[in-house]
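Only one structure is covered here, and it is reproduced in the block below.
The values are calculated or read from the model by the stated rules, or taken from the named source; none is laboratory data. Note that this is a predicted model, so its numbers are computed, not measured. In this analysis, Cβ positions are derived from the backbone assuming ideal geometry, glycine residues included, and neighbour counts consider all displayed protein chains.
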């Protein structure tokens, strides 16, 4: 699937081919690709040991030491209205630019049509992507405390026992 990655320093975007793989235990970017596109690689506090799907140790030149991932990239990722800040670990992926593994799939639970090759972000947590339109709420002012009928229409029933507290006379003095 095609996603956009935005560099945090200069906000320049890069179109990326991302592979979805439920067998992968993280988010990964190819080291060579990251260098070519000018992503800022940050040294990780704690190296991450990584093995390839065939069980061999992933070796990515100077960026990896003995199969341990030493660097990661932080960037913004965009896909069909979905937006998020991600940290992607660096390793040798060959021709694959980015892999979005099980942690990403579990968080976003995308709808995937494998026959059509379509991915829809219909079940994403609300903190990602476009906000749903907010409900319109109407605020009305009750002119008189005695207008009990209007008050009962505007105030939910569970708050009726406290209605006197919000009356004009009561609201002008501090409670004792």
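Among the numbered criteria (1) without any contact (Cβ under 8 Å) to a residue 40 or more places away in the chain; (2) closer than 14 Å to residue 95 by Cα; (3) crowded, with 17+ Cβ neighbours inside 10 Å, which single criterion is violated by residue 36?
Status for residue 36: all satisfied but (3).
Given the criteria at pLDDT below 70, farther than 25 Å from residue 14 by Cβ and more than 15 Å from the chain's Cα centre (by Cα), does residue 67 qualify?
Values: at pLDDT below 70: yes; farther than 25 Å from residue 14 by Cβ: yes; more than 15 Å from the chain's Cα centre (by Cα): yes.
Yes: the conditions hold for residue 67.
What are the residues in region 67-94 that are out of contact with any strand residue (DSSP E or B) (no Cβ under 6 Å at 6 or more places or on another chain) and in contact (Cβ under 8 Å) with a residue 60 or more places away in the chain, if any?
Pass one, region 67-94, residues out of contact with any strand residue (DSSP E or B) (no Cβ under 6 Å at 6 or more places or on another chain): 80-83, 92, 94.
Those that are out of contact with any strand residue (DSSP E or B) (no Cβ under 6 Å at 6 or more places or on another chain) and in contact (Cβ under 8 Å) with a residue 60 or more places away in the chain: 92, 94.
Any residue at all in region 33-42 that is at pLDDT below 90 and not in a strand (DSSP E or B)?
No: region 33-42 contains no residue that is at pLDDT below 90 and not in a strand (DSSP E or B).
Provide a single number: the residues in region 111-129 that are buried (at least 17 other Cβ atoms within 10 Å of the Cβ) and touching a residue at least 60 places away in the same chain (Cβ under 8 Å).
1
Does residue 14 qualify as being assigned to a loop (DSSP other than H, G, I, E, B), in the same structural domain as residue 110 (by TED's automatic domain parsing), crowded, with 17+ Cβ neighbours inside 10 Å and touching a helix residue (DSSP H, G or I) at 6+ places or on another chain (Cβ under 7 Å)?
Values: assigned to a loop (DSSP other than H, G, I, E, B): no; in the same structural domain as residue 110 (by TED's automatic domain parsing): yes; crowded, with 17+ Cβ neighbours inside 10 Å: yes; touching a helix residue (DSSP H, G or I) at 6+ places or on another chain (Cβ under 7 Å): yes.
No; evaluated as a whole, the condition is false for this residue.
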